[in-house]
Amino acid sequence: MKKLLTLLLFSGIQAFAQQVYLPHEVEKQAEPAGGLTVLNQFITSNLQIPLPNAVKGVNGRVYLKGVVQPDGSMSNIEVTRGIDTLCNAAAVRVLGMYKAWKPAMLGGQRVRQTVFFPVAFKADAKPSYDVARHAFVDYFTNDFIPVDSARAKYRRTLPVDDQGFVSGDVAYEEAKGKKWKKLGEAKFTRKEIRYKSRFVNPNADSIPAYRISARDFNEASHAAEVTFDSAGRMLSYVEYGVDGKASMIKDYDLNGMVRRQQLLTDSLVTDVYWDPNGQIRAHRDFPVNKMGVKEEPLLLNAWGPDGAQYVKSGEGYWRGVGETPNGKWLFEEGTVVNGIKDGKWIGKLADSTRYYEEVYDLGQFKTGVSWVNGTQMEYTKPLINPEFKGGMKEFYKFLASNIRYPPNAAKNGVAGRVMLSFVVCEDGSMCDYKVENRVGYGIDEEALRVVKLMSGKWEPGVMRGQKVRVKYNLPVNFQLETRTQVIVHRY
């Protein structure tokens, strides 16, 4: 009799745990750990609108039903009212990745609960898509402003695959009467590379991957660039504007989730990253100086694994995850006031090994000591950016004395600002040159030629006493005057 009573009691507990409740049947309903706003932000960053829908335009919702489990994941997701097969599948995929729910509570226990949730799809129609060519055909004015074909001076043809990624050479043509004359093209490449990311392989060597791109001979990008692993899983996505300047970067994990997203402008980089379960972790803004180098970030918002926000609008105690120059996880914590560091800050590696200790006074760095490869180092600044030998005066003198205004640009009265990027290595040499935005008429090539002459003329960047590689952005203005000379503005 005692065994039977125990069995019945156990069965009752099992049934209680396995039962699926409706929202009105529980004491505390299931909800996103960080709130509805952060779940919607997660969906916006991860939702992939299928190309056919993006081309014809879509404005609707897919209504889903799923079961939030006691561990915070969601299962049994199904469509209750949808748009079409493609959108329905995309909605199920994106909601299924989010595993940061606070489960429902009943009688002091976590229970399973049905949740109803809509996923919004919104995209303007893209009439420039040519079905026969499998390409976007866009038209532009002299200043490369989008315009209808009747008033266009230039035409660009960008071939894409079924996902909307570049799949062939990007061709440019110029209107000559009623005909189009070929100007040039950006070659499509599928390049085998080695890839390393703290979201994919933080404690291992780089992995084999490949990147698809369409770049010209100055390495300027003419289409979004996407990196995949050998199994075809997307690892990173970089979106470029018409001027060739990067505007958005997304880094993915092997489950296809966006773990970090950066929105880039000339003056600011907004950086957001998420935990593996989809819980938002931190939001930082990096001001960008006139030389295009990111400054110390403003630490604006941070959340814990349970969705509790412990830094809000730049106030609180920061517990964030970053990375060291060699790509290891770096766990940092300290007080934040008005978005800036204050008091003692500590950085540790994943195994709790000390990496640094720093002291700030309302953003002003006071002291710092780091432990790198077993060596203790004291430093007076956490980051020293690369510097041209001789200082900025010699830097601008070098540019002005070496740049020559391209004859083709002078002949056509073309002026403008070209933005170049390069990496200053630990030994002061330079690599990874790229034209970040295009001007044309030989201006890009001339600016790149002169910048390459600077290799070896730099003092390397130093982070916490250790020499590091630093990406540097250089804006160079070409301005026509009566004597057709180059004006290099000081930024």
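Diffusion of the chain by Stokes-Einstein, at 4 °C in a medium of 1.567 mPa s and with Rh set to the Kirkwood radius over alpha-carbon pairs, works out to 50 µm²/s. Highest mean packing first, where packing is the average number of other Cβ atoms within 10 Å per residue, the peptides 348-357, 416-425 line up as 416-425, 348-357. Packing, taken as the mean count of other beta carbons within 10 Å per residue, orders the peptides 276-283, 30-37, 141-148 from highest to lowest as 276-283, 30-37, 141-148. Projecting the Cα atoms of Gly428, Gly416, Tyr441 onto the charge dipole of segment 387-478 (Cβ charges, centred on the Cα centre) puts Gly416 farthest toward the positive pole.
As a calculated quantity, the FRET efficiency between Asp143 and Phe116 at R0 = 60 Å, using C-beta atoms, amounts to about 0.75. For segment 200-255 versus segment 404-467, the spacing of their alpha-carbon centroids is 22 Å. Normalised by 2.2 N^0.38 Å, where N is the number of residues, the alpha-carbon radius of gyration of segment 358-491 equals 1.30.
Could you tell me the calculated FRET efficiency between Arg417 and Ile77, based on Cβ-Cβ distance and R0 = 41 angstrom, to the nearest 0.05?
Numbers: r = 49 Å, r/R0 = 1.19.
FRET efficiency, Arg417 to Ile77: 0.25.
3J(HN,Hα) along segment 76-90, derived from phi through the Karplus expression 6.51 cos²θ - 1.76 cosθ + 1.60 where θ = phi - 60°, amounts to 6, 6, 9, 8, 9, 8, x, 10, 7, 4, 5, 5, 4, 5, 5 Hz, with x in place of Gly and Pro. Helix 36-46 and the longest principal axis of the Cα set of the chain meet at an angle near 50°.
Rounded to the nearest 500, the helix-only mean residue ellipticity at 222 nm of the chain stands at -4500 deg cm²/dmol, with each DSSP H run of n ≥ 4 adding -39,500 (n - 2.57). Assuming R0 = 41 Å, what is the FRET efficiency of Tyr63 and Leu263, from their Cβ-Cβ distance, to the nearest 0.05? Plugging the Cβ-Cβ distance into 1/(1 + (r/R0)^6) gives 0.90. Peptides 234-243, 386-395 ranked from most to least packed give 234-243, 386-395, packing being the mean of other C-beta atoms within 10 angstrom over each peptide's residues. In segment 127-264, the C-alpha radius of gyration followed by the widest Cα-Cα span (Dmax) gives 17.0, 59 angstrom.
Size of segment 342-433: Rg and Dmax of its alpha carbons, in Å, are 21.0, 63. Relative to the current alpha-carbon distance between Val359 and Ala150, full extension at 0.36 nm per residue lengthens the span by 69.0 nm. Equivalent ellipsoid of segment 21-107: semi-axes from √(5λ) of the C-alpha gyration tensor, largest first, are 27, 14, 10 Å.
Stretched out fully, how many nm does the piece from Lys181 to Glu315 gain, at 0.36 nm a residue minus the Cα gap?
Stretched fully, the Lys181-Glu315 segment lengthens by 42.4 nm.
Rounded to the nearest 10 degrees, the inclination of helix 443-452 to the longest alpha-carbon principal axis of the chain is 80 degrees.
Quick one: if you take sqrt(5λ) for each eigenvalue of the C-alpha gyration tensor of segment 252-407, what semi-axes come out, biggest first, whole angstrom?
Values for segment 252-407, descending: 31, 22, 17 Å.
Since every read-out is calculated from the coordinates, none of them should be taken as a lab result. Small disclaimer: the values here were computed from a predicted structure and weren't measured. Neighbour counts are summed over all protein chains in view; Cβ atoms, including those assigned to glycine, are modelled from backbone coordinates with ideal geometry.
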